[in-house]
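Let me begin by presenting the structure, written as structure tokens, before commenting on it.
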Amino acid sequence: MSASSASHAAQLVLRHFRWVGGHADVWAVFRDAQALRALVAGLAEPVRAEGVTAVCGIESRGFLLGAAVAVELGVGFVPVRKGIGMLPGDKAFGQTTPDYRGLRHTLRLQREMLGAGDRVLLVDDWLQTGAQAATVRDIVEQCGAIWAGCSVLVDQLTEERRAAIGPVHAVLKAAELPEDQLAVPAPAPLRELPAAQAPADGSSVTPSAEPVPASVPGS
């Protein structure tokens, strides 16, 4: 990410960022057209020369940011759905390890959307444990595509988790946010996820090796 675009995006995000009841609130960024434009450019900038052919986003904020970054890069968008939301056709699946709330998620995308030769970027708002990002990487690779890494609004990963996921570009590191209410979890050991039960339609589930997350004030 160029220094100017990164700095501009970071300044505008920080201007709108706040804590509400111990939770991170970044929604005001979406209401400010200038801030949103700068954020999208900042998320796209570090991968402009990486040959990305598709952007993935996890519902819900990943849909908003991912689609906008895809337009910025001139490529298509591939939605990653959680749970049992409608998604027609053959699907590639993966199940996450517990998130910051202790919940597991089954993530799905339409298998026909990705294939050999695709280079896929994941765009999201916040990486804390990396559980969902690691699962999306597994799903992308199930489809025969190449993982190009993540571009996120806030990176709160440990170095170990960041290295395990792959290239991670961020507008802000969590340490740059106001620290009075920021709870940075202690690193948790990586462990293998037990074999997941296959979805009802018979598609395979690829578990990920990811840390058990601590609580997080944000999303």
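Things worth noting here:
- Checklist (1) of a type in the set (Val, Ile, Thr); (2) in a helix (DSSP H, G or I); (3) at pLDDT 95 or above applied to Val78, failing item: (2)
- Condition met for Gly115 (modelled with pLDDT of 95 or more, part of a loop (DSSP other than H, G, I, E, B) and surrounded by fewer than 19 Cβ atoms within 10 Å (Cβ to Cβ)): yes
- The set of residues in the range 5-28 that are part of a helix (DSSP H, G or I) and touching a residue at least 24 places away in the same chain (Cβ under 8 Å) comprises Ser5, Ala6, His8, Ala9, Ala10, Leu12, Val13, Leu14.
- Between Ser204, Ser219, the distinction of being modelled with pLDDT under 50, under 13 Å from the mean Cα position of the chain (by Cα) and either surrounded by fewer than 17 Cβ atoms within 10 Å (Cβ to Cβ) or among the polar types (S, T, N, Q) (or both) belongs to Ser219 only.
- Selected residue (only one of Leu65, Leu109 is of a type outside the set (Phe, Trp, Tyr) and either in contact with a Lys or Arg (Cβ under 7 Å, 6 or more places away or on another chain) or in a loop (DSSP other than H, G, I, E, B) (or both)): Leu109
- Selection of the range 55-72 for residues being farther than 21 Å from Gln132 by Cβ and surrounded by 15 or more Cβ atoms within 10 Å (Cβ to Cβ) yields only Glu72.
- Selected residue [crowded, with 24+ Cβ neighbours inside 10 Å and part of a loop (DSSP other than H, G, I, E, B)] from Thr129, Thr135: Thr129
- Unique residue being among the aliphatic types (A, V, I, L, M), surrounded by 17 or more Cβ atoms within 10 Å (Cβ to Cβ) and either on the phi > 0 side of the Ramachandran plot or more than 14 Å from the chain's Cα centre (by Cα) (or both) when the list is Val52, Val78: Val52
- Residues of the range 15-39 that are surrounded by fewer than 16 Cβ atoms within 10 Å (Cβ to Cβ), among the hydrophobic types (A, V, I, L, M, F, W, C) and touching a strand residue (DSSP E or B) at 6+ places or on another chain (Cβ under 9 Å): Trp19, Ala28.
- Number of the condition not met by Ala174 [criteria: (1) of a type in the set (A, V, I, L, M, F, W, C); (2) surrounded by fewer than 22 Cβ atoms within 10 Å (Cβ to Cβ); (3) touching a helix residue (DSSP H, G or I) at 6+ places or on another chain (Cβ under 8 Å)]: (3)
- Check on Gly42, under 13 Å from the mean Cα position of the chain (by Cα) and surrounded by 20 or more Cβ atoms within 10 Å (Cβ to Cβ): no
The values are calculated or read from the model by the stated rules, or taken from the named source; none is laboratory data. As the structure is a computational prediction, the values presented were derived from the model and not from experiment. Here the Cβ is made from the backbone with ideal geometry for all residues, glycine too, and neighbour counts use every protein chain on show.
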